[in-house]
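The values are calculated or read from the model by the stated rules, or taken from the named source; none is laboratory data. Bear in mind the structure is a predicted one, so any value in this text is a computation, not a measurement. Positions of Cβ are generated from backbone atoms using ideal geometry, with glycine treated the same way; all protein chains shown enter the neighbour counts.
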Amino acid sequence: MATEWKSGLEDVIAARSAITAIDGAAGRLYYRGYEIGELAGAVPFEAVTHLLWFGELPARSDTAFADRLAAARGLPAPVRELLERLPRTCHPLDALRTALSLAAAWDPDTRSNEPEANLAKCVRLMSLVPETVAAWQRLRTGQAPVQGQAGGSHAARFLQLLTGRAPTAEVARVMDVVLTLHADHELNASTFALRVAVATLADLHAATVAAVSTLKGPRHGGANEDVLAMLREIGDPARAEGFVASRLDAREGKSRRERADPRARIPGFGHRVYRVDDARARVLKSMAKEMADATGRGRLFEVAERLYDAMRARTSLPVNVDFFSAVVYDALDIPPDFCTSIFAVGRVAGWCGHALEQFADNRLIRPRADYVGRPPRRLAG
Ligand SMILES: CC(C)(COP(=O)(O)OP(=O)(O)OC[C@H]1O[C@@H](n2cnc3c(N)ncnc32)[C@H](O)[C@@H]1OP(=O)(O)O)[C@@H](O)C(=O)NCCC(=O)NCCS
């Protein structure tokens, strides 16, 4: 018996999962039972990935999983050649999804959905995503990709691939926390898209391409790009309140469709599940302040803080993960249209975890539509 239609599948339970729990009323997020605020920074991103995939943290002395991830580092030559041919105007997430499609053609396990093959592909994807996005960021800004098997943590390696220099321990720690905060978020849109693709028994690369494509939109991961662009546009903390007022006031009298336009919203606010600010946003806010002060970008943080206060005064919309993460990215000298790529570097851990879970106990995901069209009729004449 079909259930009633819910717009946007709001609050519809569409999967069973043991990976991540969200308490939207309390603003809490748990990976395998551990609260995110307790994990982030205390446990390296590699161990968080192990937790998401296998259900437990590795013992602190057990480096086998981190070593396996590190052994998969390096940009495959065909991917580098592809990136070198893309027009420099190509959006970083478009470059990423194109590279993932190409990588599938070279992966020895693409056609196998056996557990060992899928695990091997997950390990390769964990490196392929940061290697690709970092190489594309360098190529499109006229720099050669960083070569070689640099050591260090996953986060440090990513920063080194981006900048060509080993990061300080503090900056590597910030990136590690950012990756953990983005690693998973239950049945968010990109993870749902991935699970639908996996459930057809399409291969892991195909499902990950679906996820990256879905992440791009401004209702989902694309919002952090919009946040940074907005904060830079405002520029002066004294203008933040007026910006919020003019954007929210302009919504009055507009149609539902016009109000739904991303340009009629304040990016970084609102969430389908949270009713209050979530724990990730709280961690990111204090990190954003520290980073902005340390790098002389305090003005952008002040713009963000004033905008946050103006939103608090005018709406009950919670701030989301994309808002203060944008300030952190600015302090790391990351341009707006590269922000969502960093999201992908963290989220690929969750995508892989959900793919492994879906493959392990699979049934085709095929809901119904509530048909509201014309009743059955005959062709005229
Ligand atoms: C996240 C988001 C897509 C959730 O959407 P949702 O649960 O479908 O909520 P709706 O789009 O139905 O919005 C409900 C109401 O709140 C308003 N609203 C939601 N987010 C808003 C925002 N950021 N700014 C202004 N108004 C907002 C909507 O316009 C709508 O009001 P209306 O009925 O008067 O038009 C939405 O809050 C949003 O677009 N936020 C901005 C983009 C963003 O930050 N995305 C990252 C999410 S992690």
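Figures for the structure shown
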read-out: Candidates Leu181, Leu201, Leu187, Leu159, filtered to the one that is away from the ligand (no atom under 16 Å from the Cβ) and either under 13 Å from the mean Cα position of the chain (by Cα) or assigned by TED's automatic domain parsing to the domain that holds Asp67 (or both); value: Leu159
read-out: First in the range 259-278 and closer than 11 Å to Gly24 by Cβ, second anywhere and small (Gly, Ala, Ser) and more than 6 Å from the ligand (Cβ to nearest atom), Cβ under 7 Å, 6 or more apart; value: Val273/Gly24; Tyr274/Gly24; Tyr274/Gly27; Arg275/Gly24; Arg275/Ala25; Val276/Gly27; Asp278/Gly27
read-out: Selection within the range 318-337 - of a type outside the set (A, V, I, L, M), in contact with a helix residue (DSSP H, G or I) (Cβ under 7 Å, 6 or more places away or on another chain) and either more than 9 Å from the ligand (Cβ to nearest atom) or not in a helix (DSSP H, G or I) (or both); value: Asn320, Phe324, Ser325, Tyr329, Asp330, Pro336, Asp337
read-out: Filtered residues of the range 167-186 (kept if assigned to a loop (DSSP other than H, G, I, E, B) and farther than 17 Å from Gly346 by Cβ); value: Thr168
read-out: The range 274-331, subset among the polar types (S, T, N, Q) and buried (at least 22 other Cβ atoms within 10 Å of the Cβ), residue farthest from Val227 (Cα to Cα); value: Asn320
read-out: Hey, Ala250 more than 17 Å from the chain's Cα centre (by Cα) and closer than 30 Å to Cys122 by Cβ or not; value: no
read-out: Count of residues meeting criterion [surrounded by fewer than 24 Cβ atoms within 10 Å (Cβ to Cβ) and either in contact with an Asp or Glu (Cβ under 8 Å, 6 or more places away or on another chain) or more than 30 Å from Glu10 (Cα to Cα) (or both)] in the range 175-210; value: 1
read-out: Selection status of Leu102, aliphatic (A, V, I, L, M) and part of a loop (DSSP other than H, G, I, E, B); value: no
read-out: Residue match in the range 289-305 (condition: more than 9 Å from the ligand (Cβ to nearest atom), touching a Phe, Trp or Tyr at 6+ places or on another chain (Cβ under 6 Å) and not assigned by TED's automatic domain parsing to the domain that holds Leu39); value: yes
read-out: Breaking point among (1) away from the ligand (no atom under 15 Å from the Cβ); (2) over 24 Å from Gly8 (Cα atoms); (3) surrounded by fewer than 18 Cβ atoms within 10 Å (Cβ to Cβ), for Ser213; value: (2)
read-out: Pair list, Cβ < 6 Å and 6+ apart or interchain, from the range 65-89 residues that are under 18 Å from Phe54 (Cβ atoms) to residues that are surrounded by 14 or more Cβ atoms within 10 Å (Cβ to Cβ) and hydroxyl-bearing (Ser, Thr, Tyr); value: Ala72/Ser127
read-out: Yes/no for Gly253 being more than 8 Å from the ligand (Cβ to nearest atom), small (Gly, Ala, Ser) and either without any contact (Cβ under 8 Å) to a residue 12 or more places away in the chain or in the same structural domain as His91 (by TED's automatic domain parsing) (or both); value: yes
